[in-house]
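The values are calculated or read from the model by the stated rules, or taken from the named source; none is laboratory data. Bear in mind the structure is a predicted one, so any value in this text is a computation, not a measurement. Here the Cβ positions follow ideal geometry from the backbone for every residue, glycine too, while neighbour counts run over all protein chains shown.
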Ligand code: GLU
């Protein structure tokens, strides 16, 4: 195992260990790595080697999500849009044609390893609107559960300037936070963070690990430029902030090598952003602390003991419901004698909980007319107080 020794000598990190310990990894791939800008074609040999890296992760039981740019860069050539800055409607049209080609290349190369690809296009709204956020999260989780690899990009064909991420660094971080990923790998054309732009100053020092985004770190991002895509170091630091607050580690490393994930594990230079919390504890902290609750679910004695032994809340254990909440809202869970037991995110609205309370999970569909989740509050969405 190759170790990356830190500047202060007292702390060591191992990319190999950090990556192989992850259950769920999001890999972000920038246009500059993937697309030959003059010909508008995919760098197939590079992508073929990356597919081997992804297949290796899948083989050792890891779940992988790809966030890839490149749709606009590929599509603009096919539509002969020239090399200048595109108008919004031109980049939307370019994305519409480029995304098909991009997905096709990934699909074909991953299929050699029997890995199934699934395309998801997201807008900023999808990560902010609670209902759409939950739908996107459920879809990605379902795909991962069945072993598929989601390929995600911004839905550039409908995203207008005011409502777009514009860069896939932050989109990838939102996705990583949304699905409680353990690590986000940003494959870039720079190998990590420097104290100042290494292209401009010989005094630029490499920063191998960041445990907190301080104003000093932010200032480093302002001066050090990275790739030719939309995301420079500033958006990478913004991505790190999003990922770290969700307990997800992030690494910036050079993508322009053959098998960049393997290179990273073999000890290639990189910058790790390491949060204190784990994805699970960060999510639980968020549920316990910062949420406004919208109602109360009252549960019977059987459910009280199920919850305290770490189980999810099922409809059968619910005796009553108060308040007016929607699916995904935070609620308080109380015992029949009004003791506050837990906070959680309800998978059903107050009206639906009222209809299914006291019933078996198998009866949900007949009662509501649709098949939702088996649990009213899944244990991952529940914090015992
Ligand atoms: N979504 C854009 C595309 O696929 C790329 C955004 C970025 O460069 O980060 O072309």
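Data overview
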{"quantity": "Selection count where residues are at pLDDT below 85 and more than 9 Å from the ligand (Cβ to nearest atom), scope the stretch 159-177", "calculated": "4"}
{"quantity": "Number of the exception - residue 216 against (1) at pLDDT 90 or above; (2) within 16 Å of the ligand (Cβ to nearest atom); (3) assigned to a helix (DSSP H, G or I)", "calculated": "(2)"}
{"quantity": "Matching option when the condition is within 16 Å of the ligand (Cβ to nearest atom) and within 22 Å of residue 23 (Cα to Cα), among 239, 246", "calculated": "239"}
{"quantity": "Single residue of the stretch 308-329 satisfying the filter (surrounded by fewer than 20 Cβ atoms within 10 Å (Cβ to Cβ) and free of Cβ contacts under 8 Å to residues at least 60 places away in the same chain) that is nearest to residue 381 (Cα to Cα)", "calculated": "309"}
{"quantity": "Filtered residues of the stretch 308-332 (kept if in contact with a helix residue (DSSP H, G or I) (Cβ under 8 Å, 6 or more places away or on another chain) and over 18 Å from residue 352 (Cα atoms))", "calculated": "310, 311"}
{"quantity": "Qualifying residue in the stretch 131-150 (condition: touching a helix residue (DSSP H, G or I) at 6+ places or on another chain (Cβ under 7 Å), assigned to a helix (DSSP H, G or I) and without any contact (Cβ under 8 Å) to a residue 24 or more places away in the chain)", "calculated": "yes"}
